[in-house]
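A short write-up of the structure that comes next.
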Amino acid sequence: MALKPSSSGVAVVACNTCRHSSDAREDGEGKRGGARLVEALRRVASDDPAYAGVAVEEMPCLFACQDFCTVHLRAPDKVGYVMGRFVPDEDAARAILDYARAYADSEWGQVPFKQWPQGVKGHFITRTPPQGFVVE
């Protein structure tokens, strides 16, 4: 494994090796949940120009294995978030991307709860401070 360049803006980085669910590594067709979530994120993002400002990226293992189907939402100078326990489908992808749009519009990464799509509520695992900052 090696590092490779990625988006310098708002990005949803999905774990492409995540389990399908808490009980199963793969779905009925032998595909990992993370790979299915990446497919759904890319499909939803490509179908709606509203998501043009959000990069969809993937990488193997975000090390959040207890919490299947995980994504890391990040942007320069903003708090980042790791979310997981998603069903790897288009509804989850849309909720993640809708949250990412609100996140992109936020000053430093905090999105007011009333703006959260229902599909991300209960899916937050951790938040990460941006380099050089902590939250007060």
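Among the numbered criteria (1) without any contact (Cβ under 8 Å) to a residue 60 or more places away in the chain; (2) of a type in the set (Ser, Thr, Tyr); (3) open to solvent by 30 Å² or more (accessible area, probe 1.4 Å), which one does Tyr51 miss?
So the condition that Tyr51 fails would be (3).
With (1) assigned to a loop (DSSP other than H, G, I, E, B); (2) modelled with pLDDT of 95 or more; (3) farther than 26 Å from Val135 by Cβ as the list, and Ala50 as the residue in question, which single condition is left unmet?
Just one mismatch for Ala50, condition (1).
Can you tell me how many residues within segment 115-136 are under 16 Å from Ala14 (Cα atoms) and assigned to a loop (DSSP other than H, G, I, E, B)?
Total satisfying the criteria: 1.
Determine whether Ala95 is without any contact (Cβ under 8 Å) to a residue 24 or more places away in the chain, aliphatic (A, V, I, L, M), over 26 Å from Lys4 (Cα atoms) and touching a helix residue (DSSP H, G or I) at 6+ places or on another chain (Cβ under 9 Å).
No: the conditions fail for Ala95.
Are any residues in segment 58-114 part of a loop (DSSP other than H, G, I, E, B) and open to solvent by 70 Å² or more (accessible area, probe 1.4 Å), and if so, which ones? I'd like the intermediate steps shown before the answer.
Of segment 58-114, the ones part of a loop (DSSP other than H, G, I, E, B) are 60-70, 75-79, 84-89, 106-112.
Passing the criteria: Phe63, Cys65, Gln66, Pro76, Asp77, Arg85, Val87, Glu107, Trp108, Gln110.
I'd like to know if segment 25-35 contains one or more residues that are crowded, with 21+ Cβ neighbours inside 10 Å, touching a residue at least 12 places away in the same chain (Cβ under 8 Å) and not basic (Lys, Arg).
Filtering segment 25-35 down to residues crowded, with 21+ Cβ neighbours inside 10 Å leaves 32-34.
If we keep only those that are touching a residue at least 12 places away in the same chain (Cβ under 8 Å) as well, we get 32-34.
From the residues that got through so far, the ones that are not basic (Lys, Arg) too are 33-34.
So far as segment 25-35 goes, yes, one or more of its residues are crowded, with 21+ Cβ neighbours inside 10 Å, touching a residue at least 12 places away in the same chain (Cβ under 8 Å) and not basic (Lys, Arg).
Going through Phe124, Phe133 one at a time, which residue ends up being surrounded by 11 or more Cβ atoms within 10 Å (Cβ to Cβ) and either within 18 Å of Gly53 (Cβ to Cβ) or in contact with a strand residue (DSSP E or B) (Cβ under 9 Å, 6 or more places away or on another chain) (or both)? Full working, then the answer.
Working: Phe133 fails: either within 18 Å of Gly53 (Cβ to Cβ) or in contact with a strand residue (DSSP E or B) (Cβ under 9 Å, 6 or more places away or on another chain) (or both).
Among Phe124, Phe133, only Phe124 is surrounded by 11 or more Cβ atoms within 10 Å (Cβ to Cβ) and either within 18 Å of Gly53 (Cβ to Cβ) or in contact with a strand residue (DSSP E or B) (Cβ under 9 Å, 6 or more places away or on another chain) (or both).
Within segment 73-92, can one find any residue that is over 14 Å from the mean Cα position of the chain (by Cα), under 20 Å from Gly9 (Cβ atoms) and among the small types (Gly, Ala, Ser)?
To start, the set of residues in segment 73-92 that are over 14 Å from the mean Cα position of the chain (by Cα) comprises 76-78.
Checking which are under 20 Å from Gly9 (Cβ atoms) leaves us with 76-78.
Next cut, among the small types (Gly, Ala, Ser) only: none.
No, the conditions are met nowhere in segment 73-92.
Collect the residues in segment 1-47 that are in a loop (DSSP other than H, G, I, E, B) and of a type in the set (Val, Ile, Thr), keeping them in residue-number order.
Residues satisfying the conditions are Val10, Thr17.
The values are calculated or read from the model by the stated rules, or taken from the named source; none is laboratory data. A quick note: this is a predicted structure, and the numbers were derived from the prediction, not measured. Virtual Cβ from ideal backbone geometry, glycine too; neighbours counted across all protein chains shown. These area figures cover heavy atoms from the full protein model, side chains too; ligands, DNA and RNA do not enter into them. Shrake-Rupley method; radii C 1.70, N 1.55, O 1.52, S 1.80 Å.
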